[in-house]
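These notes are about the structure you will find just below.
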Amino acid sequence: MDFDAIVLTFSLLPGLDVSGSGKEAFVSVAQSSHKMGGPLEYRILTRLANGRCTEAQLVALPDLKATGVQAVECCAALLFKLDQLGFLVRTVNEGARVLISSVPNRAHLMRHPELSLTGPLRLSPFAMLQEHMGEMSLEAPGGWARVTLHDRDLFPILHDLAAGRTVEEITEGFATCSVGAIEAVLEMMNSCNLLDVPDGAWPRHDMLLHTHTRDGYRRGHLGKTSGGRVVTLDQSGPVMQADEVNTIALDLPHEQQLRNIDPSFAEVSARRRSVRNQGVVPIGFGQLSEFLFRTFFESDGHRPYPSGGGCHPLTPYLVVDRCAGLAAGVYAYDPVHHLLRMVAETENRNQRLLDEAAGRAVITASPQVLVILAARFDCVQDMYGSLSYSLILKEVGAVFQMAMLSGAAMRLAVCPLGSGDSVMFSEMVGVDPLHMTSVGEFILGSRED
């Protein structure tokens, strides 16, 4: 079968704004503007913004052709500058067939990696295939660019790369594309960090979260997406609608008295430790009330720890095994009104959560109290978009620190845990785990000493 020649075409990254006057040309993206040259550059930029074209087609534009060598040099320099800024989309074509494009997420940080076509080639375990604007896009978190697969005949390549095959094995039986086209596709995938992976790479989910919640990896706004409008969290969820029979009022501690008897902050900071082993005599109801007040109580819209946008999406749930003056069960703490609402009585799931917490803390006895931090995603999502989960996890860390300082001041045993069973928690409370679920846990009780 005869194949057409391999052609590389160029176009501007979607979303760029090209502007110019009689003497200057600019390209703008987000809130930054870049001066790209004068009238010649403006004509080339306008053509690139209108669709794919080769470098020869750019130079042959009617208003550039007459300028001769100057147009060739100007075009090459402009394409280089656009490429370095991450504004240039490259597309591999076989004749009239559009095969694959590299679409930059950001500017180049380094040269394209060179690909050796000898030996087996493997797809990066980071690579993710997803729909983007009606086409299939392949991307690795942290990669400078993604590729768009325009031609469905290319998809068997992904299967071969997942298995780790040579170029000869990949091209064997490919009746619809030439060897040169397949090699050009592989080279473009490699330039976008989609082949192989260096030693010591992060786990994929960590890399994905990091690159989607830190500036520099991609363009676009990262931060508040709600503009100037105020977003408030609706606290009228199923737990907050519990009847009065299951509501337990807590006494508010006398703040001035706490100030008088508390050790200094320097002493509290020095005492702060993860204390796993708990005492024989369980924590008392009054101690639990004071701990919740110190750690979570909300006054004038503020809690003792910071929260992104003041959303305060976290609700503390207490799985109580032993607490003098309080029946075993699962309770939700209302930080606004300083009260507990019973969610579930003692059952097998409660004990499973306690046993799991004991295992994570490497202790043999069930903790006296397991505190589960559950997050409502809707408020933070409305305000911060893709940054929301990262902010929720940061808030969990702030709560951990506040809980440990409260425990140090009260001489209680507090120990944050690395993880917990979110599915079991959601089933126990009766909520949709994609609407509200657990994101952090710590154990609480009396101290051995």
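Which of the residues belonging to region 384-428 are assigned to a helix (DSSP H, G or I), open to solvent by 20 Å² or more (accessible area, probe 1.4 Å) and under 23 Å from Arg352 (Cα atoms)? Hits for region 384-428 are Phe400, Ser422, Val423, Glu427. Just a yes or no: is a residue in region 318-341 crowded, with 20+ Cβ neighbours inside 10 Å and assigned to a helix (DSSP H, G or I)? No, because not a single residue in region 318-341 is crowded, with 20+ Cβ neighbours inside 10 Å and assigned to a helix (DSSP H, G or I). Candidates are the residues of region 14-57 that are over 25 Å from Met133 (Cβ atoms) and in contact (Cβ under 8 Å) with a residue 40 or more places away in the chain; the one that is surrounded by the most Cβ atoms within 10 Å (Cβ to Cβ) is Met36.
Comparison of Gly227, Gly220 shows that the only residue that is within 30 Å of Gln84 (Cβ to Cβ), modelled with pLDDT under 70 and part of a loop (DSSP other than H, G, I, E, B) is Gly220. If you filter region 131-159 down to residues that are open to solvent by 20 Å² or more (accessible area, probe 1.4 Å) and farther than 20 Å from Pro104 by Cα, you find that the one that is nearest to the chain's Cα centre (by Cα) is Leu158. If you go through region 113-123 and keep only what is buried (at least 16 other Cβ atoms within 10 Å of the Cβ) and modelled with pLDDT under 90, you end up with just Leu115. From the list Leu40, Leu61, Leu8, Leu16, the one residue that fits, being in contact with a helix residue (DSSP H, G or I) (Cβ under 9 Å, 6 or more places away or on another chain), closer than 20 Å to Glu187 by Cα and among the hydrophobic types (A, V, I, L, M, F, W, C), is Leu8. Scanning region 254-296 for residues that are outside any helix (DSSP H, G or I), over 39 Å from the mean Cα position of the chain (by Cα) and surrounded by fewer than 17 Cβ atoms within 10 Å (Cβ to Cβ) turns up His254, Asp262, Pro263, Gly279, Val280, Val281, Gly284.
Here is the figure for region 181-200: residues that are over 22 Å from Asp153 (Cα atoms) and either at pLDDT 75 or above or in contact with a Ser or Thr (Cβ under 9 Å, 6 or more places away or on another chain) (or both) total 2. Could you tell me whether region 363-378 includes any residue that is without any contact (Cβ under 8 Å) to a residue 60 or more places away in the chain, assigned to a loop (DSSP other than H, G, I, E, B) and either crowded, with 22+ Cβ neighbours inside 10 Å or more than 21 Å from the chain's Cα centre (by Cα) (or both)? Yes, some residue in region 363-378 is without any contact (Cβ under 8 Å) to a residue 60 or more places away in the chain, assigned to a loop (DSSP other than H, G, I, E, B) and either crowded, with 22+ Cβ neighbours inside 10 Å or more than 21 Å from the chain's Cα centre (by Cα) (or both). Just to be sure before I move on: is Glu183 among the acidic types (Asp, Glu) and outside any helix (DSSP H, G or I) in the structure I sent? Spelling it out, it is not the case that Glu183 is among the acidic types (Asp, Glu) and outside any helix (DSSP H, G or I).
Is it the case that some residue within region 4-13 is open to solvent by less than 70 Å² (accessible area, probe 1.4 Å), among the polar types (S, T, N, Q), under 31 Å from the mean Cα position of the chain (by Cα) and closer than 17 Å to Cys74 by Cα? Yes: region 4-13 contains one or more residues that are open to solvent by less than 70 Å² (accessible area, probe 1.4 Å), among the polar types (S, T, N, Q), under 31 Å from the mean Cα position of the chain (by Cα) and closer than 17 Å to Cys74 by Cα.
The values are calculated or read from the model by the stated rules, or taken from the named source; none is laboratory data. Since the structure is predicted, the reported quantities are computational estimates derived from the model, not experimental observations. Neighbour counts are summed over all protein chains in view; Cβ atoms, including those assigned to glycine, are modelled from backbone coordinates with ideal geometry. Just the protein is used for accessible areas: all its heavy atoms, side chains included, with ligands, DNA and RNA removed. Shrake-Rupley method; radii C 1.70, N 1.55, O 1.52, S 1.80 Å.
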